[in-house]
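Take a look at the structure set out below.
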Amino acid sequence: MGRFSKSLIDEIILEWESGYLYYKSIKKAIRKLRDQKQSLQQEILPLISSQLERSHSIILTFSSSLQERSSKMSSASLEDRITDLQFYTRLLKNQISFSSWNLKIVTRCLQRLESLSPGSKSKFLSLNNETLQSMQNLPTYKENLSIILTHFYILKPRESSFSEINTPLLSKSQNIDLKHLSLLINNVKEELSKLENMELFPKEPDYPDFMTLFLSVISAFVHLTNLYMLTLAAKDYSVHVGMDKSFAGILNAVNWAASFGFALVLSFWTSYQYKWPTLLCSIFEIVGNFVYFFAYDYKSAAMLLLGRLLIGIGTARVINRRYITTYVSLKSRTTWNSFYVAGSIVGRGLGPIVAAGLYSMEFEFKGYEVNGINSPALLMAGIWIIYTVLTLLYFKEPEIVKLSEEKIKYSKSLSLFPAALTVIALIVPRIVHESYVTAIPIVAPEEFGWPMDFIGVYLAAVSLAVAPVHIFIAFTSDLFEDRQFIRWALLITAVGCCLLIDFDELNEIQYILGTFLMYMGMNIDDAVTASLLSKVIPPHLSLGIFNAGFIVVFVGSLARGIGGLTIALAGWYEDDIEDMENVLFIPLTVLSLITLAIFWVFYYTLGTQDTKKKDS
């Protein structure tokens, strides 16, 4: 007996023994007709097809999901729920095993047949593709696993000492049962992954089109470079048009408020198409940068505001985030999401460097003055024109994804609390970061005598110095959960924010260390919150207007708008630079600590579908 036959006998589910393909009889039939190539296809292919149909009839009995039974499970006693989960998980594991082994038998037989009669495999697959896909039964298996995981993570917080007082703790035996269940669930995940990647089926591409994905990812880099180039000289530009230096905070707030306001429109539009909203955003960026550039000669604060408003409206982050979340495979999604966030970080770092390099520039062109204050807008207008042409030529419209009514109904029954908690963790580090970026051109020259070009290089250096944290996250994502990364991010942000407070006399070492920690916390948070939100948000929202991409951009823009506005409020409340620093960062430190406390208390509600058995 061969190794394959022996493994098959060991793995057979006795309850469905009659439903397996008869591997031994098919192998004998192939051996008998091995010298008759024409008869091989005429007799063996129908033989495999008929046995496949018999197995398929049993698979069809698996097609009903756990949705109806899960509603009864929710009202059962704690002990019954654990018992039910164990039963359904074992049942799901057996169902996946049944599908896998039958498809392995088909694969094995077709390999033998193909070696004797070339073309047999492709002919069989073309005739039986629909049945084979149904045999794989991935949608039902994935849906049932999702339901099991949802109930499992409702029970899992009871293991924690952070559980609410009125929540009964698990007994010792129930804790042991849950640990065994966790191991069983991980086995199911592994088996499902093997079933999904069987060599019998052609591999699905990780994304529909490379250039479309590349343009979506590079958009974040271009936009953040644009924004942070303008931020460096915003104080000087404000003074030039006759406004107070704190007007720079208003400009940043307007930029993020525009992103915030237009995000809903873009999210709605991407339910129908992606290319045209992307093009429209690029046009807004071009026009906004030109208006911002010409505001210098006209000394118009209104043009300055209008330019930043249009640049904010042109933010395509909702489109980009949604495209990555929807169209990139789970296997590659983390990689491309990391590229997207890394592009944003490099943009934040490169923007101030380029702006600092342009700061000493001064000449006239066609009667308009071009200098270090307005030249960044002119440069970015040209870059956005190139991006628009590339989008017009290479961006391919993807097929819009829809959910079935059954899945929508189940999705609506899921709790929104984990998503809300993730959103809270998303807001605060962005408020702190934007407050700092807006404040440093005002505070650093007065406190430390730093020139503006040095500030640009300094911000870029700090931003790029913390960029490797994304490499660390990518390589350790199998060891640590998203919620663990976020907890550390909030703690680091709070410490960094605290170090930016002028307790007695603010010194450069304290300021630099606070900056580094604050940037580190914000970048960890930025890299992981979008990922966690996409896992805890109910599926009907993830494909609707209020999808994870929209929420990340919408809330992030709101937070950054608030952060930009804080310097204006601090300047209005206190003119003295030293006191302004404290008016800004003492409340932000308190806010960071409150957010950390909330996240810590409800930490165990954030178990996700890909959470492995790890000790937190």
With respect to ALA467, determine if the residue is outside any helix (DSSP H, G or I), within 19 Å of HIS433 (Cβ to Cβ) and assigned by TED's automatic domain parsing to the domain that holds VAL601.
yes
Inter-residue pairs, beta-carbon under 6 Å, first assigned by TED's automatic domain parsing to the domain that holds LYS235 and in region 430-456, second modelled with pLDDT of 80 or more and of a type in the set (D, E, K, R), 6+ apart
PRO441/LYS235; PHE448/GLU508
Search result, residues across region 345-358 that are crowded, with 21+ Cβ neighbours inside 10 Å and either of a type outside the set (A, V, I, L, M, F, W, C) or under 30 Å from GLU481 (Cα atoms) (or both)
ILE345, GLY347, ARG348, GLY349, GLY351, PRO352
In region 297-337, which residue that is hydroxyl-bearing (Ser, Thr, Tyr) and in contact with a Pro (Cβ under 9 Å, 6 or more places away or on another chain) is farthest from ALA559 (Cα to Cα)?
SER329
Would you confirm whether any residue within region 10-28 is small (Gly, Ala, Ser), in contact with a Leu (Cβ under 7 Å, 6 or more places away or on another chain) and modelled with pLDDT of 85 or more?
no
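Condition check ((1) more than 27 Å from ILE218 (Cβ to Cβ); (2) modelled with pLDDT of 80 or more) across all residues:
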{"site": "MET361", "(1), (2)": "no, yes"}
{"site": "PHE365", "(1), (2)": "yes, yes"}
{"site": "VAL389", "(1), (2)": "no, yes"}
{"site": "LYS412", "(1), (2)": "yes, no"}
{"site": "ALA419", "(1), (2)": "yes, yes"}
{"site": "THR422", "(1), (2)": "no, yes"}
{"site": "ILE427", "(1), (2)": "no, yes"}
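Residues are listed down the side, and each one gets a yes or a no for (1) touching a residue at least 40 places away in the same chain (Cβ under 8 Å); (2) assigned to a helix (DSSP H, G or I); (3) buried (at least 19 other Cβ atoms within 10 Å of the Cβ); (4) among the acidic types (Asp, Glu):
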{"position": "LEU490", "(1), (2), (3), (4)": "yes, yes, yes, no"}
{"position": "ASP502", "(1), (2), (3), (4)": "yes, no, yes, yes"}
{"position": "GLN510", "(1), (2), (3), (4)": "no, yes, no, no"}
{"position": "VAL528", "(1), (2), (3), (4)": "yes, yes, yes, no"}
{"position": "LEU532", "(1), (2), (3), (4)": "yes, yes, yes, no"}
{"position": "ILE545", "(1), (2), (3), (4)": "yes, no, no, no"}
{"position": "GLY563", "(1), (2), (3), (4)": "yes, yes, yes, no"}
{"position": "THR566", "(1), (2), (3), (4)": "yes, yes, yes, no"}
Give LEU414, LEU379, LEU390 a once-over and let me know the one that is in a loop (DSSP other than H, G, I, E, B) and in the same structural domain as SER542 (by TED's automatic domain parsing).
LEU414
If I go through region 277-286 residue by residue, how many of them are buried (at least 18 other Cβ atoms within 10 Å of the Cβ) and within 20 Å of TYR228 (Cα to Cα)?
5
So LYS275, is it touching an Asp or Glu at 6+ places or on another chain (Cβ under 6 Å), assigned by TED's automatic domain parsing to the domain that holds ARG333 and in contact (Cβ under 8 Å) with a residue 60 or more places away in the chain:
yes
From the option list SER146, SER173, SER161, single residue qualifying as at pLDDT below 80, buried (at least 17 other Cβ atoms within 10 Å of the Cβ) and out of contact with any helix residue (DSSP H, G or I) (no Cβ under 8 Å at 6 or more places or on another chain) is SER146
For region 513-520, state whether one or more residues are in the same structural domain as GLY449 (by TED's automatic domain parsing), over 24 Å from ALA489 (Cβ atoms) and of a type in the set (Phe, Trp, Tyr).
no
Could you please tell me which pairs satisfy a Cβ distance under 7 Å, a separation of 6+ or placement on different chains, a first residue in region 1-26 that is in the same structural domain as LEU91 (by TED's automatic domain parsing) and surrounded by 14 or more Cβ atoms within 10 Å (Cβ to Cβ), and a second residue that is among the aromatic types (Phe, Trp, Tyr) and not in a helix (DSSP H, G or I)?
ILE12/TYR20
Lone qualifier among TYR274, TYR207, TYR228, TYR292 - being out of contact with any Pro (no Cβ under 7 Å at 6 or more places or on another chain), crowded, with 20+ Cβ neighbours inside 10 Å and not aliphatic (A, V, I, L, M)
TYR292
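Residue-wise test of (1) more than 32 Å from the chain's Cα centre (by Cα); (2) under 26 Å from GLY349 (Cβ atoms).
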residue	(1), (2)
LEU227	no, yes
LEU230	no, yes
ASP236	yes, yes
VAL241	yes, no
ALA248	no, yes
VAL254	no, yes
ALA258	no, yes
GLY261	no, no
LEU280	no, no
Residues of region 40-61 satisfying the condition of being among the polar types (S, T, N, Q) and either in contact with a Cys (Cβ under 6 Å, 6 or more places away or on another chain) or surrounded by 14 or more Cβ atoms within 10 Å (Cβ to Cβ) (or both):
GLN41, SER49, GLN51, SER55
GLU447 vs. criteria within 24 Å of VAL437 (Cα to Cα) and among the charged types (D, E, K, R)
yes
Only residues that are more than 24 Å from GLY544 (Cβ to Cβ), of a type outside the set (Gly, Ala, Ser) and surrounded by 24 or more Cβ atoms within 10 Å (Cβ to Cβ): list them for region 300-328, please.
LEU304, ARG308, ILE311
Only one of LEU459, LEU421, LEU416 that is within 20 Å of the chain's Cα centre (by Cα), surrounded by 20 or more Cβ atoms within 10 Å (Cβ to Cβ) and touching a residue at least 24 places away in the same chain (Cβ under 8 Å):
LEU421
Among the residues of region 173-221, which ones are free of Cβ contacts under 8 Å to residues at least 40 places away in the same chain, charged (D, E, K, R) and outside any helix (DSSP H, G or I)?
LYS203
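The values are calculated or read from the model by the stated rules, or taken from the named source; none is laboratory data. Remember, it's a predicted structure, so these values are computed and weren't measured experimentally. Virtual Cβ from ideal backbone geometry, glycine too; neighbours counted across all protein chains shown.
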